[in-house]
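Trainee: Got a structure for you, written out below as structure tokens; questions coming shortly.
The values are calculated or read from the model by the stated rules, or taken from the named source; none is laboratory data. Keep in mind that this is a model prediction, so the values were computed, not measured. As a convention, Cβ positions derive from the backbone with ideal geometry for all residues, glycine included, and neighbour counts pool all protein chains shown. Areas reflect the complete protein model, heavy atoms only, side chains present, ligands, DNA and RNA absent. Shrake-Rupley method; radii C 1.70, N 1.55, O 1.52, S 1.80 Å.
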Amino acid sequence: MIYLDNSATTRIDDAVFDAMVPWLRDGYGNASSPYGPGRAARVAIEDARTELASYLNAHPAELIFTSGGTEANNTALKSMVHWGGVRTIVTSPTEHHAILHPCEVLAASGTAVSFLDVDERGVVQTDGLATFDARDTLVTIMHANNETGVLQPVEAVRGSMPEAFIHTDAVQSFGKVAVDVQALGVDLVSISAHKIHGPKGIGALFIRKGIDFQAHQQGGAQERNRRAGTEPTALIVGFQVAARLAITAMDERYRRMRRHTSMLRDILTRELPSLRVNTPVDGSLPNILNVSFMDADRLDGEAILQLLDLRGVCVSNGSACVSGSQQPSHVLAAMGLPDAEAKAAIRFSVGKDTTDDDIFSAAAITVDLIRNLRV
Ligand code: PLP
């Protein structure tokens, strides 16, 4: 199997797994309990919080643990609207559904939701933002796009909007490029462990000190009353170790992943003349290469992924299957690609363990398959 879908999820690192096991088996104390095993869990959780916060250049008290990126995004938006005085959300059409769908729900109950344009590279256009700048506005622009890997000008958003609240979904970028909350000038940031060889079901939300933040779900007083529910110690420790490994090896992993996506880009563009590359060379994550085919109406786009799967290559595309029919990727559609092309894209996402052989084999299989699919 050639696994090139690391933006969907990653294999858990052995060191992460090993660090979690003691907390799954013997270290089962509830971190809110006052006796020994509870205190041990509390110490482990606070240690993880401190370390993770340092990677974001944040204070530990500014981080709450969530069940992943989806919950972090939902919490950021809904808490700010329900309790934080936000009346307007400004976002972009290329956000992950974990932003777009809560926005739809909030819009249905009266929040004004506006969308910024993106250019043909998928970069959000920030001119005109100043007109929205107010303390009742929340801007949510992802740090890096999960389908194309394009990086968004989050610092420029803060530059145009000194007053507004700014959230960024950094689920794809955290651990791959620097995510520094001070440099970005953001108030809220979502991150997740399973994109960086950590466990599934754990993420975190950075909430800048001074924001009057109320819990999105009610229950116990965990996470300083900002996220009710018993903390999963093993998952949190796994997140800590995964982040440590990613941050420590960030430069080396960056170079390796960039080299692999460049190799793929070179081979595919050379061999497939109708190929369009949807990931910009500059200003993108190192690990994603999204391609589509300009002659997509002559290709059975829906078959590409299945045929790659049959030949042992795991990749994805951004198009969702709704009621049995394939919908074009909302990201590629927003970038102006025709529907047929936006249905038949391929997202290759390499990882730290991808080899040169994986790249050569995946490229050869893709070229062969696309040539055969042409009618
Ligand atoms: N945001 C982005 C950009 C993502 O790519 C993902 C996962 O694919 C999420 C949010 C959701 O994160 P999680 O799977 O941790 O809920």
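Trainee: Mind telling me which of the residues 303, 362 ends up being at pLDDT below 95 and of a type in the set (Gly, Ala, Ser)?
Mentor: Selected residue: 303, the only one of 303, 362 that is at pLDDT below 95 and of a type in the set (Gly, Ala, Ser).
Trainee: If residue 258 satisfies all but one of (1) outside any strand (DSSP E or B); (2) in contact with a Leu (Cβ under 7 Å, 6 or more places away or on another chain), what's the number of the condition it fails?
Mentor: Of everything listed in (1) outside any strand (DSSP E or B); (2) in contact with a Leu (Cβ under 7 Å, 6 or more places away or on another chain), residue 258 misses just condition (2).
Trainee: Among (1) in contact with a Gly (Cβ under 8 Å, 6 or more places away or on another chain); (2) more than 15 Å from the ligand (Cβ to nearest atom); (3) in contact (Cβ under 8 Å) with a residue 40 or more places away in the chain, which single condition is residue 198 missing?
Mentor: Answer for residue 198: the failing condition is (2).
Trainee: Can you find a residue that is assigned to a helix (DSSP H, G or I), more than 14 Å from the ligand (Cβ to nearest atom), buried (at least 22 other Cβ atoms within 10 Å of the Cβ) and among the polar types (S, T, N, Q) anywhere in the stretch 115-132?
Mentor: No; the residues of the stretch 115-132 include none that is assigned to a helix (DSSP H, G or I), more than 14 Å from the ligand (Cβ to nearest atom), buried (at least 22 other Cβ atoms within 10 Å of the Cβ) and among the polar types (S, T, N, Q).
Trainee: Output the residues belonging to the stretch 351-375 that are small (Gly, Ala, Ser) and over 28 Å from the mean Cα position of the chain (by Cα).
Mentor: Our first condition is that a residue be small (Gly, Ala, Ser); within the stretch 351-375, this holds for 351, 361-364.
364 - this is the single residue of the stretch 351-375 that is small (Gly, Ala, Ser) and over 28 Å from the mean Cα position of the chain (by Cα).
Trainee: Check off (1) open to solvent by less than 10 Å² (accessible area, probe 1.4 Å); (2) on the phi < 0 side of the Ramachandran plot; (3) in contact (Cβ under 8 Å) with a residue 60 or more places away in the chain for residue 68 and give me the number that stays unchecked.
Mentor: Unmet for residue 68, out of (1) open to solvent by less than 10 Å² (accessible area, probe 1.4 Å); (2) on the phi < 0 side of the Ramachandran plot; (3) in contact (Cβ under 8 Å) with a residue 60 or more places away in the chain: (2).
Trainee: Still on this structure, I have one more. For residue 144, state whether it is within 16 Å of the ligand (Cβ to nearest atom), touching a residue at least 60 places away in the same chain (Cβ under 8 Å) and not hydroxyl-bearing (Ser, Thr, Tyr).
Mentor: Yes.
Trainee: Hey, can you tell me all the residues within the stretch 278-293 that are buried (at least 16 other Cβ atoms within 10 Å of the Cβ) and among the hydrophobic types (A, V, I, L, M, F, W, C)?
Mentor: Across the stretch 278-293, the qualifying residues are 285, 288, 289, 291, 293.
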